[in-house]
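Engineer: Pasting a structure below so you can have a look.
The values are calculated or read from the model by the stated rules, or taken from the named source; none is laboratory data. Only a predicted model underlies this, so the values are computations on that prediction, with no experimental measurement involved. Neighbour counts are summed over all protein chains in view; Cβ atoms, including those assigned to glycine, are modelled from backbone coordinates with ideal geometry. With ligands, DNA and RNA removed, areas are computed over all heavy atoms of the protein, side chains included. Shrake-Rupley method; radii C 1.70, N 1.55, O 1.52, S 1.80 Å.
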Amino acid sequence: MHLDMDAFYASVEQRDNPEYRGKPLVVGAIPGKRGVVATCSYEARKYGVRSAMPIFQARQKCPQGIFIPPRMNRYKEVSDKIMAILREFSPQVEVVSIDEAYLDISDNKRLHGNPEEVAVAIKKNIRDSIQLTCSIGVAPSKFLAKIASDLNKPDGLTIIPPEEVHHFIDTLPIQKVPGVGRKTFQQLELMGIKALGDVKKFPQKMLLDRLGKFGKRLMDLSSGLDHSAVTPYSSHKSVSSERTLSEDTRDKKLLNKYLLKQSEEVARQLRKAEVKAKTIILKLKHADFKSVTRSKTTAVPTQSSKTIYKYAAKLLEDYSLPQKIRLIGVGVSGFKPASIPVQLELFDRVQKRNDNWEKVDRTLENITKKFGRDAIKRATLND
Ligand code: TTP
Ligand code: CA
């Protein structure tokens, strides 16, 4: 499923300010400065106003429009609420931008019904609790779901069932395919390609010669091939916590203290995103501002602060510290959904130890949530 909010910034403004409702509203004007349109209400789109258009041009097209500057914090706040609602429907939510996400709903039939019922329920939930409309596309692959969500905007719901995929592809105007910009479109048009299905008529070599890698992608898409999975957290390829020290230092004991705190913070973020990480990264900035990173891949994907800390501390131990350090940080990358089991027989012992520490983390977090930050602390750094 792909979900995209309708005229997002403008809709939030119309919701918050009843006087803007039903009117051509343009978000993006920065008082006294030149700028471009971030977005505009559907009422303004009737006049030809579009995202990325210079404001002066938007004013020419729509003199009666209301022009306001964006309030990013507000949109982010609303966005977070929307994404939280989506996570109630599926743990597999990939946030692509502030107003757009993919959901893997293949596993939640039991809980929320068939795909259409899930989509309807999500739309209702967002409308009831946030008073905004969205458009949803449901299809057997991400790229088709994305196209589908755009087909009946605003407040749209488009479902492409598996048996209709081939017909849909055969008739899909090629410019609707993500990645086909104006230039590529012109090139494809010259070749006589109007619909995505037309791509199948061309030999692979010709497509590769003319379009490079994208030619291969188009070929795959034209035969319905798109195996990309919904990957939570893909908009952030890494999670990290870092800190500039009040004083430059070479004191490894002190640095380790920071690493432990940061590992806990990183683990907390991983739990929140329901992912585990494979690679632990240590980041150091020297007194002369030169940065170095050191990284190590774990035996099993982890969410445990203890495991993250152990790796980070080892990386620090192995580092020669040629200068004093002014910033230290821990990061992780290489995410896997937390629900995917790892090969147990291979890593049984490591896995078990890691699992136990993850349990400790969750328990600590629950206690902290209930009784406050000072209720419980780790006794020592080292064990
Ligand atoms: P979009 O989803 O592209 O647009 P939209 O939500 O405003 O309208 P639609 O109903 O067609 O989906 O972008 C989401 C937000 O991102 C949009 O509200 C404002 C911002 N944005 C910009 O700041 N600049 C841009 O050029 C675009 C395209 C979007
Ligand atoms: Ca949108």
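Engineer: What is the angle, in °, between the Cα long axis of helix 72-89 and the longest principal axis of the Cα atoms in the chain? Nearest 10 is fine, range 0 to 90.
Structural biologist: 80
Engineer: In Å and on Cα atoms, what radius of gyration and Dmax does segment 1-145 show?
Structural biologist: 16.7, 55
Engineer: Around ASP150, with a cut-off of 12 angstrom between Cβ atoms, what is the net charge of the other residues, counting Lys and Arg +1 and Asp and Glu -1? Write down the numbers at each step before the final one.
Structural biologist: Numbers: positive: LYS146, LYS153, LYS176; negative: ASP4, ASP6, GLU100.
Around ASP150, the charge tally is 0.
Engineer: Along Cα→Cβ, 7 Å out, is where each label goes; now give me the distance between the ones at SER106 and THR363 in nm to one decimal.
Structural biologist: Taking the simple label geometry, SER106 and THR363 are separated by 3.6 nm.
Engineer: A follow-up question, please. Using a simple charge model, +1 on the beta-carbon of Lys and Arg, -1 on the beta-carbon of Asp and Glu, nothing else, what dipole does segment 60-125 show about its Cα centre, in debye to the nearest 20?
Structural biologist: Values: 10 positive and 10 negative charges, 71 e Å.
So the dipole magnitude of segment 60-125 works out to roughly 340 debye.
Engineer: Let me ask another. Rounding to the nearest 10 and keeping the result within 0 to 90°, find how far the Cα-based axis of helix 115-130 lies from the longest principal axis of the chain.
Structural biologist: 80
Engineer: A further question on this structure: Report Rg(Cα)/(2.2 N^0.38 Å) for segment 160-287, keeping two decimals. If you can, show how the numbers build up before the last one.
Structural biologist: Numbers: Rg = 24.1 Å, N = 128, 2.2 N^0.38 = 13.9 Å.
So the Cα radius of gyration is 1.73 times the expected 2.2 N^0.38 Å.
Engineer: Then there's this: Evaluate the distance, in nm, between pseudo-label points positioned 7 Å from the Cα of MET72 and of ARG182 along their respective Cα→Cβ axes.
Structural biologist: 2.7
Engineer: Let me ask something additional. Express the relative contact order of the chain as a whole percentage, based on alpha carbon pairs under 8 Å and six or more residues apart in sequence.
Structural biologist: Values: 642 pairs, mean separation 46.8, N = 383.
Taking the mean separation of contacting Cα pairs over the length of the chain, I get 12 percent.
Engineer: Another one. Taking only DSSP H segments of four or more residues, each worth -39500 (n - 2.57), what value at 222 nm results for the chain once the sum is divided by all its residues, to the nearest 500 deg cm²/dmol? Working shown, then result.
Structural biologist: Working: 14 runs with 165 residues, N = 383.
Calculated mean residue ellipticity at 222 nm is -13500 deg cm²/dmol.
Engineer: If you don't mind, another one. Given all pairs of different Cα atoms, what value in angstroms does the Kirkwood hydrodynamic radius of segment 48-112 take? Walk me through the intermediate numbers first.
Structural biologist: On the way: mean 1/r = 0.0679 Å⁻¹.
That comes to 14.7 Å for segment 48-112.
Engineer: OK, next. Would you mind computing, in nm to one decimal, how far apart the modelled labels at GLU116 and LYS23 are, each placed 7 Å from Cα along Cα→Cβ?
Structural biologist: 4.0
Engineer: Moving on to the next point. Mind listing the Cα extents of segment 260-299 along all three principal axes, in Å, largest one first?
Structural biologist: Extents along the principal axes: 37, 21, 15 Å.
Engineer: Could you order the peptides 19-28, 302-311, 126-135, 238-247 from most to least packed, using the average number of other C-beta atoms within 10 Å per residue?
Structural biologist: Working: 19-28: 18.9, 302-311: 24.7, 126-135: 16.8, 238-247: 14.4.
The peptides rank, most packed first, as 302-311, 19-28, 126-135, 238-247.
Engineer: Find the accessible area per residue for the chain; the probe is 1.4 Å, ligands and nucleic acids are left out, and the unit is Å².
Structural biologist: Numbers: 21050 Å² over 383 residues.
Solvent-accessible surface per residue comes out at 55 Å².
Engineer: Also, I was wondering about something else. Compute the helix-to-body angle for 305-317: its Cα long axis versus the longest principal axis of the chain, expressed 0 to 90° and rounded to tens.
Structural biologist: 70
Engineer: If N is the number of residues in the chain, what value comes out of its Cα radius of gyration divided by 2.2 N^0.38 Å?
Structural biologist: On the way: Rg = 25.0 Å, N = 383, 2.2 N^0.38 = 21.1 Å.
Output field value: 1.19.
Engineer: Positive end of the dipole of the chain, charges at C-beta (+1 Lys, Arg; -1 Asp, Glu), about the Cα centre: which of LEU270, VAL78, LEU196 has its Cα farthest in that direction?
Structural biologist: LEU270
Engineer: What order, most packed first, do the peptides 287-300, 92-105 have when packing is the mean number of other Cβ atoms within 10 Å of each residue? Could you put the intermediate results ahead of the total?
Structural biologist: Numbers: 287-300: 13.7, 92-105: 20.6.
Most protected by this proxy first, the peptides run 92-105, 287-300.
Engineer: Gain in length, GLN131 to ASN356, computed as 0.36 nm per residue apart minus the alpha-carbon separation, to one decimal in nm?
Structural biologist: Working: separation 225, 0.36 × 225 = 81.00 nm, distance 4.24 nm.
Extending this stretch completely gives an extra 76.8 nm.
Engineer: In addition: Provide the FRET efficiency to the nearest 0.05 for the LYS201-ASP150 pair, computing r from the beta carbons and using R0 = 35 Å.
Structural biologist: On the way: r = 26 Å, r/R0 = 0.73.
For LYS201 and ASP150, the calculated efficiency is 0.85.
Engineer: Grab every C-alpha pair in segment 276-315, bin the distances at 5 angstrom width from 0 up to the longest one, and report whole percents.
Structural biologist: P(r) over segment 276-315, rounded to whole percents: 6, 24, 30, 18, 11, 8, 4, 0.
Engineer: For a test of the definition: using alpha carbon positions, the gyration tensor, and the 1.5 limit on a/c, classify segment 153-207 as rounded, prolate or oblate.
Structural biologist: Working: a/c = 3.04, a/b = 1.50, b/c = 2.03.
Here segment 153-207 falls in the oblate category.
Engineer: Follow-up. For segment 117-220, take the alpha-carbon Rg, divide it by the Kirkwood Rh, and send me Rg/Rh.
Structural biologist: Taking Rh as the inverse mean 1/r over Cα pairs, Rg/Rh reads 1.08.
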